[in-house]
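Notes for the one structure printed next.
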Amino acid sequence: MSVQSYPFQFVGIDSHTTDALQKDTLIYQFASSKSCHQYIVRIERYVHDLHCVKFLDATNDKSSGRFSYLSATYEPRTIFHTIFNIALDVLRNNRRASFLFIGAADNRDIIGKPTRRYRVYRLFLAEFDLDSIFEQSDYEAVSMSLLVNLSAMPTLKDRQVFRSEVCIFAGIQY
C-alpha cells in the first residue's frame, strides 16, 4: 500500500527562541487537498543538532493550545507522512540532525499515560526502517520519541550522553 503525502514548502526561519538551548525554528507549510486545511510545521532547532518537530492546523496558530487541537480530518497517515518528509528534508540539509516528537495531550488523554498523539507517532514511526539512520528511544511517561542520528553519534557512549542531555532538558528521569 502506497502512502500519499502532500507537497510542502519551506516558509522561513523564526529567530524567536524559548530558552538558551534553542537556536531558531524552521517553518514549513502544506495544504491538504482532501480537507482543504492548511498546516504549519515548526522544526525547533536546538544545540547538538536536536530538532523538535511540531505541527498544527493553521487555523489554530494563535491559540494557546494550538498543538493539542484535533483537526478531525481523518487523514493522519497522509499528514504524518508529509511531516516525516519534511524531517527528511531537514536531514538532507543537516546530516547530523536528530529528531524529537512529543505527543501533546488533549482533554481526552489521561494524565500519566501516553497520549493518543504519541501512540500514533510511535505506530507511524514503526512503519519505517530507520535502524540504519537513527536509534529510537521512547519515553512513554512524557509521550516523547527521540530519534538519535547514528552518523552524528557513532558510539553508544555518545548516544547515551545525548539521550541523558535531552532527558534533562525535557525534565524527565533518564
So how many residues does segment 113-153 have that are on the phi > 0 side of the Ramachandran plot and not hydroxyl-bearing (Ser, Thr, Tyr)? 0
Which count do you get for residues in segment 139-174 that are closer than 22 Å to ASP19 by Cα and not in a strand (DSSP E or B)? 16
Search result, residues across segment 111-137 that are touching a helix residue (DSSP H, G or I) at 6+ places or on another chain (Cβ under 8 Å), aromatic (Phe, Trp, Tyr) and farther than 17 Å from GLU75 by Cβ: TYR118, PHE128
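Yes/no matrix, rows are residues, columns are (1) at pLDDT 95 or above; (2) within 17 Å of the chain's Cα centre (by Cα); (3) surrounded by fewer than 13 Cβ atoms within 10 Å (Cβ to Cβ):
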| residue | (1), (2), (3) |
| --- | --- |
| SER5 | no, yes, no |
| PHE8 | yes, yes, no |
| GLY12 | yes, no, yes |
| HIS16 | no, no, yes |
| LYS23 | yes, yes, no |
| ILE27 | yes, yes, no |
| GLN38 | no, no, no |
| ILE43 | yes, yes, no |
Identify the residue in segment 78-114 that is part of a strand (DSSP E or B) and not β-branched (Val, Ile, Thr) and, among all such residues, is farthest from VAL53 (Cα to Cα). SER98
For segment 144-162, name all the residues that are under 18 Å from ARG95 (Cα atoms) and among the charged types (D, E, K, R). ASP158, ARG159
What's the number of the only condition in (1) in a strand (DSSP E or B); (2) of a type outside the set (Phe, Trp, Tyr); (3) free of Cβ contacts under 8 Å to residues at least 12 places away in the same chain that ILE27 fails to meet? (3)
From ALA152, ALA126, ALA105, ALA141, residue being closer than 19 Å to LEU56 by Cα, aliphatic (A, V, I, L, M) and either loosely packed, with under 12 Cβ neighbours inside 10 Å or more than 14 Å from the chain's Cα centre (by Cα) (or both): ALA105
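The values are calculated or read from the model by the stated rules, or taken from the named source; none is laboratory data. Here the structure is a predicted model, which is why all the values come from computation and not from measurement. Here the Cβ is made from the backbone with ideal geometry for all residues, glycine too, and neighbour counts use every protein chain on show.
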